[in-house]
1. If I ask for residues that are surrounded by fewer than 10 Cβ atoms within 10 Å (Cβ to Cβ), in a loop (DSSP other than H, G, I, E, B) and among the aliphatic types (A, V, I, L, M), which ones from region 20-67 would you list?
2. From the list LEU64, LEU11, pick out the single residue that is over 30 Å from GLU142 (Cβ atoms) and under 32 Å from the mean Cα position of the chain (by Cα).
3. Among the residues of region 12-23, are any in contact with a helix residue (DSSP H, G or I) (Cβ under 6 Å, 6 or more places away or on another chain) and farther than 30 Å from ILE148 by Cβ?
4. Given the residues SER109, SER66, which is the only one that is at pLDDT below 80 and hydroxyl-bearing (Ser, Thr, Tyr)?
5. Enumerate the pairs (first residue in region 42-54 and in the same structural domain as TYR31 (by TED's automatic domain parsing); second residue anywhere and among the charged types (D, E, K, R) and not in a helix (DSSP H, G or I)) with beta-carbon separation below 8 Å, excluding pairs fewer than 6 apart on the same chain, so at least 6 apart or on different chains.
6. How do the pairs read when you match residues in region 71-98 that are modelled with pLDDT under 80 with residues anywhere that are in a helix (DSSP H, G or I), using Cβ under 6 Å and keeping only pairs 6 or more apart or on different chains?
Amino acid sequence: MVSVYTDADYLSAYKQKQRLFYIFIGITAVYLAFCISWWIYFMGLPYAQSKFLPKTCVYVASVLYSIFACIYLAIPYSRVRRYNKMLSYVCEGLKTEEKNFFYAFREKSLQKENIDVVSCIFETWNKKKQEWMEREVYIDAEKPLPKIESGDYVRYITQSNFIIKYEILQKQALEFEEDGDEEIDEEIENETQDKNQGE
C-alpha cells in the first residue's frame, strides 16, 4: 500500500513547531528587555525633564510586538500545532479499512480541524437500501493527490476520516455515466453488486 505520510513528515512538523516556539520566546525576551531598559531610563530621569521619548519608544515597540506576535507567530504556531496533533493521531489513533470505487476529487478545499484538505468521493453500494451512496474522505492538501482515476476500485485506510494509506486493487473497475444525476449504468451496477456480495 502507498503511505501518504512518512517518518520525515512527523519530524518536519515537530521541528517547525519547535522553531516557531523558540522564535516566539526569543522575540518576547528581546521585547521585555527593551521595555525594562526604557523603564529603568524613565525612572532615572529628573522630574522636570520631558519623558516623551521613552513613552513613545515603549508604545511603538508594544504595538509592533503585538502585531508580530499575533499575526506572524501565534496564528502559524496554532496551525502547526494542530497539524502536529493530527499527525500524532495518525500514528496512534484507531484506523478503519474500506474498499470502494473512486468517483472524483472535490474541487473546493475544506477545513478539517483548521487543516486544509481536499475531499475524495467514493461510491459504495448500500445493501440495505439497495442504492449507491457517497463516501467522503479527506486528503491533506499539502500532500500530492493520489494517482487514482474515476472508476478505480481502491482499498484505503483512514484515521479520523483522513486517508493515510491506499492501494488500487483494480483500474477502471466501474464506469460512471456523465449525466446530470450522475447515475451508474444498470449492467455495471448489477455486476458490482454481485462482486460485493461475493466478498
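1. Residue satisfying the conditions is ALA48 alone.
2. LEU64
3. Yes, region 12-23 contains a residue that is in contact with a helix residue (DSSP H, G or I) (Cβ under 6 Å, 6 or more places away or on another chain) and farther than 30 Å from ILE148 by Cβ.
4. Criteria check complete, one pass: SER109.
5. Every condition considered, the pairs that remain are PHE42/LYS51; LEU45/LYS51.
6. That search, which allows pairs on different chains as well, returns LEU73/PHE24.
The values are calculated or read from the model by the stated rules, or taken from the named source; none is laboratory data. This structure is a prediction, so every number in the text was calculated from the model and none was measured. Backbone-built Cβ (ideal geometry, glycine too); neighbour counts: all protein chains shown.
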